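The values are calculated or read from the model by the stated rules, or taken from the named source; none is laboratory data. Please read these numbers as outputs of a predicted model, since none were measured by experiment. As a convention, Cβ positions derive from the backbone with ideal geometry for all residues, glycine included, and neighbour counts pool all protein chains shown. Protein only, heavy atoms only, side chains kept; ligands, DNA and RNA dropped before computing areas. Shrake-Rupley method; radii C 1.70, N 1.55, O 1.52, S 1.80 Å.
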Amino acid sequence: MTATTSAVFQRCIHPQCGTTVDLDDTTFRCPRCGGLLDVAYDWNRIRPPKSLRDFEAHWARRSDPLSFSGVWRFRELFPFAPEDRVMTIGEGQTLLQPSDFVAQYVGSKEGRVFLQYEGMNPSGSFKDNGMTAAFTHARMVGARRAACASTGNTSASLAIYCAATHLMRAIIFIGSGKISYGKLAQALEHGALTVQIAGDFDDALMRVQQVAKQLGIYLVNSINPFRLEGQKSIMYRVLEALRWEVPDWILVPGGNLGNVSSFGKAFFELLDLGLIPRVPRLAVINAAGADTFYQLYERQGVRWNGGQPDQAKINSYFTAMDSANLRADTLASAIEINRPVNLPKALRALERCGGVVREVTDQEILDAKAKVGAGGLGCEPASAASVAGLKKLRAEGIIAADERVVCVLTGHQMKDPTATVAYHGSDPKTFEEVLGKRGVRRASYANRPVQVPNDLNEIVKAIEVYA
Ligand code: F0G
């Protein structure tokens, strides 16, 4: 179990424990203390890149699948896999788009706000960055079945990797009625065994861990540290697009807290390797109906504390949540999560990157989403939390108008169009059914469809009035 000789291994994140685990172990928990694991590298034995500019050599090699992949072209920064074992389907061709339109909405100066659009991935969300890495590890250890619990995007990603490679069978656990049609369609069409649990994501995640253990199935939820190694590449691509300059802030929606944990690890590894001069600050944005991280970090002051967060405080928070039978509830279904599995790693990331956490309402999320859409990028509700969070942090003055800010748009608009149509549509009944009962009162930036009779003159008249 304990690794001693390999240059790549897994290690308990708590420095007081620091237990090491072999690279091919798939339990993803520290055998001594039960803590989360990192993938760790002995950089004295593996030569790290000398400069981030070295990665530019890959741009000329687009016919090589590993150089083409927006994840694997950075593989020297997570060198856990032999090249002939890597499973890539061309993920990570994503975009950092400057958006003055969004800058104006949030009250930032021109040229200072960027949107990192991860909806361009093969399955339509950022999850593919991590899935290619976990899938590669699964292949290295000879797995035949892979499973996850999901609010929809992880499952879509797993399904697509299994379907494209036929190397493994996908088994996905979803909360009954908790997944958007776009995401469910992906799981079904790509052939995943889809298990609907009578419960929510938090229930499904607990069950999938039990089942994976009992049946020896490879687990691809973000408790899997190899997933997070792949997701580091989102930040490498941000740096690449900014000509290797470090932005001032990264804002990301928070659900299971895999992304923020991964981004933090990416940055402090780059800093430790001398590849960047400083780290950006990180802001995690919760939906108000699923705000465990906000409550613990901002309200109760829970901190990483050198690897010893106040476990009693955390436990009593969850006990109170359970006794009140409090369930996560937000229109941003992707982040409808109350028990974030990566909580300790996220605390570590915020400590090293001077982080903050905010919560935003469904109203704020949908308004921000409408602005992102009107600015030319389509994202799902959860993704727009990052922009809604930026607006809030600008209003508070925590983020200054001239700071360079990157909001991560985690998933594609077509994933979850129900709320979008209800917001822009003109049917009050649909509005009430979909949005009103979640506390959304206004569609301030709605682009309403125009009703016209089937008559040429009337149609022409309507167009002259509106456009
Ligand atoms: N945005 C989208 C679109 C997501 O699908 C998720 C998570 C998040 C943000 C939150 O990211 O968990 O790293 O904090 N979706 C998971 C899923 C839980 O099952 O697809 P996180």
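Observations, loosely collected:
- Any hit, the range 342-355, residues being farther than 23 Å from N256 by Cβ, assigned by TED's automatic domain parsing to the domain that holds L271 and touching a strand residue (DSSP E or B) at 6+ places or on another chain (Cβ under 8 Å): no
- Only one of the listed residues (V440, V405, V450) is open to solvent by 30 Å² or more (accessible area, probe 1.4 Å), more than 16 Å from the ligand (Cβ to nearest atom) and either in contact with a Lys or Arg (Cβ under 8 Å, 6 or more places away or on another chain) or farther than 24 Å from P280 by Cβ (or both). That residue is V450.
- Verdict on A312 being surrounded by fewer than 16 Cβ atoms within 10 Å (Cβ to Cβ) and more than 25 Å from G230 (Cβ to Cβ): yes
- Here the condition is being more than 12 Å from the ligand (Cβ to nearest atom), of a type outside the set (D, E, K, R) and buried (at least 19 other Cβ atoms within 10 Å of the Cβ); of I172, I179, I160, it holds for I160 alone.
- Counted residues, the range 281-307 - those being crowded, with 20+ Cβ neighbours inside 10 Å and part of a helix (DSSP H, G or I): 7
- Counted residues, the range 54-90 - those being open to solvent by less than 20 Å² (accessible area, probe 1.4 Å), in contact (Cβ under 8 Å) with a residue 60 or more places away in the chain and outside any helix (DSSP H, G or I): 5
- Restricting attention to the range 215-267, the residues that are among the acidic types (D, E) and at positive phi add up to 0.
- Which listed residue, of P453, P449, is farther than 25 Å from L251 by Cα, part of a loop (DSSP other than H, G, I, E, B), of a type outside the set (G, A, S) and modelled with pLDDT under 95: P449
- Selection of first residues in the range 324-349 that are without any contact (Cβ under 8 Å) to a residue 60 or more places away in the chain and open to solvent by 10 Å² or more (accessible area, probe 1.4 Å) and of second residues that are within 13 Å of the ligand (Cβ to nearest atom) and not hydroxyl-bearing (S, T, Y), restricted to Cβ pairs under 9 Å at least 6 apart or on distinct chains, gives the following pairs, ordered by first then second residue: L326/N338.
- Any hit, the range 258-268, residues being in contact with a Lys or Arg (Cβ under 6 Å, 6 or more places away or on another chain) and more than 16 Å from the ligand (Cβ to nearest atom): yes
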